[in-house]
Amino acid sequence: MTDSRAFTPIPATPEALLDEGGHVDGEHLVLGTPYGGPWPDGAEAMVIAAGCFWGVEKLLWNAPGVWTTLPGYAGGVTRWPSYREVCGARTGHTESVLAVFDPAVSDFETLLRLILENHDPTQGDRQGNDIGPQYRSAVFPLNEDQARITAETLESYGPKLAAAGFGPITTEVTPLSQTPTGRFWVAEPFHRGYLEANLMGYCPVHATGVTCG
């Protein structure tokens, strides 16, 4: 039985989930929605990591029902981490993306499967040529439902990956509230919409070709 005290409820406002600054100015470069809210009534959020956050963010902003996306850092010990610190593998954080979405269009499980199918969750502290703990695969559930869905999805996905010749899943699953800082830390503004603003930007998808369904 999962201890419900381990989870931060879905926030009513972005300030309840974002880092201690709470407010993020500007509009999404692709979606045109405000980064810092207000979020639509009924919207939910997720925090996920799957290698370089530029590519993960693009996958999510292109998904139906996604309201906004923010690249950032989660899972480590450093408060207010910088990109340089995270890339130096000194913080314990992994490059992550916060996505706000309409669950009536795309629910958490749908988006989780999208990300799992578009990276290699068996590579440990790397994705392709991107090497280091900041590129590790991770899910940071925000409530019991997300934790349950994540566990069930990974449990069913593991044998499919094994049958295709891949190793065990190494995806970290830690409730966001149980990470050392308990927060998602928003990355520097130049990371937002990076692959839209920089059409020659490098951030390949490392899909295994194995579907979750």
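The values are calculated or read from the model by the stated rules, or taken from the named source; none is laboratory data. Source: prediction; values computed, not measured. Because the Cβ atoms are built from the backbone with ideal geometry, glycine has one as well, and the counts that use them run over all protein chains shown.
Some points to look at:
- Which numbered condition Thr68 fails, given (1) in contact with a Pro (Cβ under 8 Å, 6 or more places away or on another chain); (2) surrounded by fewer than 24 Cβ atoms within 10 Å (Cβ to Cβ); (3) of a type in the set (Ser, Thr, Tyr): (2)
- Residue check: Trp80 meets all listed conditions (1) crowded, with 23+ Cβ neighbours inside 10 Å; (2) at pLDDT below 95; (3) among the aromatic types (Phe, Trp, Tyr) but one, namely (1).
- Number of residues in the stretch 38-75 that are part of a loop (DSSP other than H, G, I, E, B) and of a type outside the set (Asp, Glu) equals 12.
- All conditions but one from (1) outside any loop (DSSP other than H, G, I, E, B); (2) touching a helix residue (DSSP H, G or I) at 6+ places or on another chain (Cβ under 8 Å); (3) among the hydroxyl-bearing types (Ser, Thr, Tyr) apply to Thr78; the one that does not is (1).
- Every pair of residues 6+ apart whose Cβ atoms lie under 6 Å, when the first sits in the stretch 145-165 and is acidic (Asp, Glu) while the second is at pLDDT below 95: none
Here is a yes/no grid of residues against (1) in a loop (DSSP other than H, G, I, E, B); (2) crowded, with 22+ Cβ neighbours inside 10 Å; (3) not hydroxyl-bearing (Ser, Thr, Tyr):
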{"position": "Ala99", "(1), (2), (3)": "no, yes, yes"}
{"position": "Ala104", "(1), (2), (3)": "yes, no, yes"}
{"position": "Thr110", "(1), (2), (3)": "no, no, no"}
{"position": "Asp145", "(1), (2), (3)": "no, no, yes"}
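- When the stretch 199-213 is limited to residues that are surrounded by fewer than 17 Cβ atoms within 10 Å (Cβ to Cβ) and of a type in the set (A, V, I, L, M), the one that is nearest to the chain's Cα centre (by Cα) turns out to be Ala207.
- Test: residue in the stretch 68-82 that is free of Cβ contacts under 8 Å to residues at least 40 places away in the same chain and in contact with a Phe, Trp or Tyr (Cβ under 8 Å, 6 or more places away or on another chain): no
- Search result, residues across the stretch 175-213 that are touching a residue at least 60 places away in the same chain (Cβ under 8 Å), of a type in the set (A, V, I, L, M), under 18 Å from Trp61 (Cβ atoms) and assigned to a loop (DSSP other than H, G, I, E, B): Ala187, Val205, Ala207
- The stretch 155-190, residues that are surrounded by 19 or more Cβ atoms within 10 Å (Cβ to Cβ) and within 15 Å of the chain's Cα centre (by Cα): Thr171, Pro175, Leu176, Thr179, Arg183, Phe184, Trp185, Val186, Ala187
- Residue list for the stretch 112-134, filter: modelled with pLDDT of 95 or more, farther than 11 Å from Cys212 by Cα and either part of a helix (DSSP H, G or I) or touching a His at 6+ places or on another chain (Cβ under 6 Å) (or both): His119, Asp120, Pro133, Gln134
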